[in-house]
Amino acid sequence: MPETVMIALDELEKAFAAACADAGFWSEFELLCHDYAGRPTPLYHARGLSARAHGVNLLLKREDLLHTGAHKINNALGQGLLAKRMGKERIVAETGAGQHGVAVATVCALLKAKCTIYMGEEDVQRQSSNVFRMKLLGAEVCPVSTGSRTLKDAVNESIRDWVTNVRHTHLLLGSVVGPHPYPKIVAEFQSVIGRETKDEMLARYRRLPDYIVACVGGGSNAIGIFRPFVEHESVRLIGVEAAGKGLDSGSHAASLVRGKAGVLHGTKSYLLQDGNGQIASTFSIAPGLDYPGVGPEHAYYKDIGRATYVAVTDDQALEGFKLLCEAEGIIPALESAHAVYYAVRMAEELSPESLVVINLSGRGDKDLGIVSKEIEARQ
Amino acid sequence: MSRITSALSKRKALIAYITVGYPSADVTLEVVPLLADWGCDMVELGIPFSDPLADGTTIQEAGYRALRNGVTPRLCIEMASELRRKVDIPLVFMTYYNPVFNFGLETFCRLSAQSGIDGLIIPDLPPEEGAELEAHTSRQAMDLAYLLAPTSSEERIDLVSQRSSGFIYLVSLTGVTGTRKDLSSDLEVFVGRVRKRTSLPLCIGFGVSTPEQARRAAKIADGVIVGSRLIQLLDKHPFRQLNELVAGLRNALDTS
């Protein structure tokens, strides 16, 4: 990271440590999660989907039901409160699908902070309803026309803004990426997903699940649900990346499956890059997965074999999308549809009494434009 | 005394930044000797990177163009050795960490040193993460200059002062590279804070583009780095405006 913001990272680390030790901070966070965002979210036994998956019990962790439509609100609330504690009056953030941007704009409206969101030009077009939402909420939305014009370029631009305005601005990163302490902070705020899942499993089934399946772009929803289960070796953790048009097509975003070690945005992790260390352009039908890197904690779980990472193509994700609509009357985000597809396919090889939790990280309203276009193109 | 240290001890140093391969490899090979003739004391050769976090639009665009021209770290090293045969002034590579990491720190440093490169500047590498690279640069007798910014605390000034070699790169403002109308009003205060805690030469960059700005910076620094403004003139062959600018900067430094 540039020297200019090193001091802000230090300040953030200290502020987070102080907040962690402050019961008042957590009770404020939990109250907002409950009253404002709608936590806890249900763990829903999807019988219709299970019937399409050889009778294996598929449970959906319904993050899609949260205010603003995805798990992103958990972290936005937490960091928003943290920024307020640090006396930062302005918040800047990147967004891919727009879910994080909407969550940040929402929290800024709630907490009365100025808000600027950077979004790749490509994504501004792909996710126009979310752009409109952010503007309604009072955020300034800046389209980014450099590089591949998607999430990584939005991250670059939000970091440049932060470097320029660091004294009064907080960078509200939306995933478990970026420089320390961001991956740690985001994981902490998102792990409420896993804690609720664990409590609910024990209360209802008196045991832990056999599998947890979550989609991975930067990896925040996956870390959120994995974290509390990492210590329970019997629970198998599966992260599903975006194989885009296919892993050999050159148009995908499967950093863990196909990347190699590198450093981007202050993180050393698996990265999609060319032979000269230039960051590759990525592609996925799901804008929220369209990122060439991945959280370093996922890289660690891959290296020690604690989690398994796989990839699902655009076509397969669309299949998962339609399947959940038909089988359950739930329209998933295209990101989450990657996890749905993989869980259903994986079920073929499982015994029927297996318990599989799918993290349904977001709802699909934002994706209707993309999906209708894709369906048309395939007819 | 390294070539960099010696260049910085003679007179107020004029340091030029150019992106290798922008607008073409031929221009890079042609212009570096001219810059030396016109009075530059050191040239930073920018190895383009796809995600230049610390750069404003001018250098970003130059980098993208260079990448489209097929510029790679290996090609930059080859061009450096060609340039080394033509000029005696220090040449340093400025790039981001990932291309160096991907190349292999040891190989990158060894080949760079063999090609006549005198030092490295990696704006996204804080000293906390630099120990590994420092081991290789010092083995190759290359300098590794770290950066300080107006936001840097006294502790960080001490850290960079201990770890930097050759010089310390002072970022004149809180922001990215690029021309600005005015230098920061706090520049003297910032440079004074650093000067009090280090004996290393100090070079000021980011946002310095005019002779007036260079003169003000040179009054308090040992060197002044100009990048974006030069880049803007690089595609205007036969470099008449570039020549005028460099001569103006040289004159400003000599009369500061």
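The values are calculated or read from the model by the stated rules, or taken from the named source; none is laboratory data. In this text, all values refer to a predicted model and were calculated from it rather than measured experimentally. Cβ: placed from backbone, ideal geometry, glycine included. Neighbour counts: every protein chain shown.
The table for this structure:
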| read-out | value |
| --- | --- |
| Listing of helices (runs of 4 or more DSSP H) fully contained in the stretch A:76-194 that carry 3 or more residues being within 24 Å of A:K14 (Cβ to Cβ) and in contact with a helix residue (DSSP H, G or I) (Cβ under 6 Å, 6 or more places away or on another chain) | A:99-111, A:182-190 |
| Members of the stretch A:117-160 that are of a type in the set (S, T, N, Q) and in contact with a Lys or Arg (Cβ under 7 Å, 6 or more places away or on another chain) | A:Q127, A:S129, A:N130 |
| Leading residue by the ranking (modelled with the highest pLDDT) among those in the stretch A:142-169 that are within 19 Å of A:S220 (Cα to Cα) and more than 10 Å from chain B (Cβ to nearest Cβ) | A:S158 |
| Residues that are in contact with a strand residue (DSSP E or B) (Cβ under 8 Å, 6 or more places away or on another chain) and either among the small types (G, A, S) or on the phi > 0 side of the Ramachandran plot (or both), drawn from the stretch A:110-144 | A:A113, A:G120, A:G138, A:A139 |
| Filter pass, A:L324 being farther than 22 Å from A:K72 by Cβ, surrounded by 19 or more Cβ atoms within 10 Å (Cβ to Cβ) and touching a residue at least 24 places away in the same chain (Cβ under 8 Å) | no |
| Looking only at the stretch A:19-49, and only at residues there that are touching a residue at least 12 places away in the same chain (Cβ under 8 Å) and out of contact with any helix residue (DSSP H, G or I) (no Cβ under 8 Å at 6 or more places or on another chain), the one that is nearest to the other protein chains (Cβ to nearest Cβ) | A:Y44 |
| Residue satisfying all of: in the stretch A:340-358; part of a loop (DSSP other than H, G, I, E, B) and not polar (S, T, N, Q); farthest from A:G246 (Cα to Cα) among these | A:E353 |
| Failed condition for A:L12, given (1) on the phi < 0 side of the Ramachandran plot; (2) in a helix (DSSP H, G or I); (3) away from every other protein chain (no Cβ under 14 Å); (4) not basic (K, R) | (3) |
| Number of the exception - B:A54 against (1) among the hydrophobic types (A, V, I, L, M, F, W, C); (2) under 21 Å from B:L144 (Cβ atoms); (3) within 14 Å of chain A (Cβ to nearest Cβ); (4) in a helix (DSSP H, G or I) | (4) |
| Number of the exception - B:S152 against (1) farther than 23 Å from A:T267 by Cα; (2) outside any helix (DSSP H, G or I); (3) modelled with pLDDT of 95 or more | (1) |
| Only one of B:A36, B:A66, B:A62 that is surrounded by fewer than 23 Cβ atoms within 10 Å (Cβ to Cβ) and in contact with a strand residue (DSSP E or B) (Cβ under 9 Å, 6 or more places away or on another chain) | B:A36 |
| Test set (1) touching a residue at least 40 places away in the same chain (Cβ under 8 Å); (2) under 20 Å from A:E335 (Cβ atoms) - A:G259 fails condition number | (1) |
| Candidate set from the stretch A:117-141 (those that are of a type in the set (A, V, I, L, M, F, W, C) and surrounded by fewer than 17 Cβ atoms within 10 Å (Cβ to Cβ)); member that is nearest to A:G87 (Cα to Cα) | A:L136 |
| Check on B:L45, among the hydrophobic types (A, V, I, L, M, F, W, C), touching a helix residue (DSSP H, G or I) at 6+ places or on another chain (Cβ under 8 Å), at pLDDT 95 or above and surrounded by fewer than 19 Cβ atoms within 10 Å (Cβ to Cβ) | no |
| Lone unmet requirement of (1) closer than 25 Å to B:P33 by Cα; (2) hydroxyl-bearing (S, T, Y); (3) at the interface with chain A (Cβ under 9 Å from one of its Cβ atoms) for B:S115 | (3) |
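Residue by residue, here is whether (1) touching a helix residue (DSSP H, G or I) at 6+ places or on another chain (Cβ under 7 Å); (2) without any contact (Cβ under 8 Å) to a residue 24 or more places away in the chain; (3) within 11 Å of another protein chain (Cβ to nearest Cβ) holds:
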{"residue": "B:Y64", "(1), (2), (3)": "no, yes, yes"}
{"residue": "B:I77", "(1), (2), (3)": "yes, no, no"}
{"residue": "B:R84", "(1), (2), (3)": "no, no, no"}
{"residue": "B:L125", "(1), (2), (3)": "yes, no, yes"}
{"residue": "B:H136", "(1), (2), (3)": "yes, no, no"}
